[in-house]
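Single-structure report; data block below.
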Amino acid sequence: KQEVTQIPAALSVPEGENLVLNCSFTDSAIYNLQWFRQDPGKGLTSLLLIQSSQREQTSGRLNASLDKSSGRSTLYIAASQPGDSATYLCAVISNDYKLSFGAGTTVTVRA
Amino acid sequence: NAGVTQTPKFQVLKTGQSMTLQCAQDMNHEYMSWYRQDPGMGLRLIHYSVGAGITDQGEVPNGYNVSRSTTEDFPLRLLSAAPSQTSVYFCASSHRDGNEAFFGQGTRLTVV
């Protein structure tokens, strides 16, 4: 069974600082990996999808890397803003298209 | 483009009652799934479907039933609600090739 771990569970940074969120998984035979954002009481918003053949994916201030062999992905958010405060979830997509989620990292960006 | 639509957004049930959570998508996605989200436990897969007429169990299927008669709709039925089913339920869809998954806004269910 795929186990997904996100560290740290919570993070508080001053505005402008870069954010580094970590995701590790136990089974490297993944199909894709997807990062989501969740605001309190809301649904999941897709941020980035990294296909298993890719090493990284970028969208604006967000950059996600993937190292399948070591079972790791990292989400970088540059120049954080208070609007980036949310919970960030990592999901590993297996070859049968099921998603296995980490418990998330809750980010607070202080103005 | 509505994406994934879930109804209702909130529901309170008494123990033993049954109900159906609705999920519809307009992206012609083959793969649809239901998750529950509980504090400290992340999202766990309840049931999933790879296409109309095909469903299978996920990690926590007990107490839930699904069917998939059309590509667009994937309802989740609670047969006899229990307090342990108090949770937030999310429906998701994606193309069968394992690409980007899209989620609905969730249904917050309380069983008293």
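The values are calculated or read from the model by the stated rules, or taken from the named source; none is laboratory data. The shown structure was predicted, so the numbers you read here are calculated from the model rather than taken from an experiment. We place every Cβ from the backbone using ideal geometry, glycine too, and count neighbours over all the protein chains shown. What goes into the accessible areas is simple: the full protein's heavy atoms, side chains included, and nothing from ligands, DNA or RNA. Shrake-Rupley method; radii C 1.70, N 1.55, O 1.52, S 1.80 Å.
Tell me whether the stretch B:78-100 contains one or more residues that are among the aromatic types (Phe, Trp, Tyr) and open to solvent by 20 Å² or more (accessible area, probe 1.4 Å). No - not one qualifying residue is present in the stretch B:78-100.
Screening A:Ser94 against (1) at pLDDT 95 or above; (2) of a type in the set (Gly, Ala, Ser); (3) open to solvent by 10 Å² or more (accessible area, probe 1.4 Å) leaves a single unmet condition, (1). Taken over the stretch B:24-70, residues that are in contact (Cβ under 8 Å) with a residue 40 or more places away in the chain, more than 12 Å from chain A (Cβ to nearest Cβ) and under 11 Å from the mean Cα position of the chain (by Cα) amount to 1.
Do we find a residue being away from every other protein chain (no Cβ under 13 Å), touching a Lys or Arg at 6+ places or on another chain (Cβ under 7 Å) and not hydrophobic (A, V, I, L, M, F, W, C) anywhere in the stretch B:81-93? Yes, there is a match, as at least one residue in the stretch B:81-93 is away from every other protein chain (no Cβ under 13 Å), touching a Lys or Arg at 6+ places or on another chain (Cβ under 7 Å) and not hydrophobic (A, V, I, L, M, F, W, C). Is it the case that some residue within the stretch B:61-68 is on the phi > 0 side of the Ramachandran plot and modelled with pLDDT under 95? No: the stretch B:61-68 contains no residue that is on the phi > 0 side of the Ramachandran plot and modelled with pLDDT under 95. Comparison of B:Arg77, B:Arg68 shows that the only residue that is closer than 16 Å to B:Gly104 by Cβ and basic (Lys, Arg) is B:Arg68. Strands (runs of 3 or more DSSP E) fully within the stretch B:19-78 that include at least 3 residues being within 22 Å of A:Arg37 (Cα to Cα): B:19-25, B:31-38, B:42-51.
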